[in-house]
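*Asks:* Dropping the structure in here first, questions after.
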Amino acid sequence: MNRKGITLIALVITVVVLLILAGTAVTIGLNGGDLFKHTNNAVNKWNNGVKREDIAIRELLLYYNKKTASGNVATFSDGASDLAIDNVTIAIEPIQEGAGEPSPENPQSIEGWTEVNIYHSGENRDNYETLNISLPQEAGIVYGGTLDITNGTLTVTGIKYVLNNETQWRMQLRGNGATGVYFYKELRDEPLLCAHSAGQWNNINMVEKYTHGVIENSWSSVGNNAWVYAANDTTTVLRISFSDDMNIDSVEKLNDWIDSQDEVAIYYPIKNSITYNVTPEEIKMLSGTNNLWSDAGDTSVVYKAEESQN
């Protein structure tokens, strides 16, 4: 009797195990996969997990082994391959179109950016990948600033101001014995001039680009120039002047000259930068030489370097 009982129990257990196996097979079949496929997926997930863990360990070990590179092309050869570059920042610069020096006879437009391209290559710069970043629409055309693609931050640090005759220009005789006149106006509706205290007037030339003339450095200089001043804590003042041979010696003549040009504009840095959000991006380092550059300006990077084997 005992032997028969044991045999019956073994039979029941066997049937139960077979039913479980059959149910598992049916479930896999109904889910549209086969056993080998599921096995391979499990192996791939495991390997990917191990790879992520290895990368995390390398990042932790190299956390304090950071270096920098910058320039028109940021180049380095000791980066930890497959790890992401810690930070990539682009200096956005305004474009002065045309050749030679700008002048009334050779006006050169000031252009900006609505998107920025970043290029990444190994030792051979002809073989590169391109990362295109569209700048926020609310920023408009960006003429100067920085783009931190790692943290997703656009910082506008300069503006283009287009001269017009919609507001009243004022005229004043030159000082210090110089002949001629200059014209000025308050830019109350524009961002304030960068980093200058109220009342600093003499020898402050903060116009970095000017479409129609070489900028000169003297308060009483005779020539085609544009200056921007910090008049007080709320007002920036623009001053422009012309060489005597242009015969622009009244507000009416100034307005006529402005109307006769396609565009008269200046670019100057502002006191309070304006920040916008962009989608953060990640660039992984290549093995060996890495080159990064942009069409908008200089590139600066912070990266984790491989530990020296010496």
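*Asks:* What Rg and what Dmax come out for the stretch 240-279 when only alpha-carbon atoms are used, in angstroms?
*Replies:* Considering the stretch 240-279 through its Cα atoms, Rg and Dmax are 16.8, 52 Å.
*Asks:* If you don't mind, there's one more thing I want to ask. Once you order the gyration tensor axes a ≥ b ≥ c over the Cα atoms, which shape class does the stretch 90-157 get: rounded for a/c under 1.5, otherwise prolate or oblate by comparing a/b with b/c?
*Replies:* oblate
*Asks:* Oh, and also: Tell me the net charge near I283. Cut-off is 14 Å between Cβ atoms, I283 excluded, with +1 for each Lys or Arg and -1 for each Asp or Glu.
*Replies:* Its environment carries a net charge of -4.
*Asks:* Right, here's the next one. Go ahead and collect, in residue order, the members of the stretch 257-279 whose backbone nitrogen is under 17 Å from a label point 7 Å along the Cα-Cβ direction of E138.
*Replies:* Of the residues in the stretch 257-279, 273-279 have backbone N under 17 Å from the label point off E138.
The numbers here are math on the coordinates, done by the rules we state, and not lab data. Model, not experiment: these values are computed from the prediction. With ideal geometry, Cβ positions are generated from the backbone for all residues, glycine too; neighbour counts draw on all protein chains shown.
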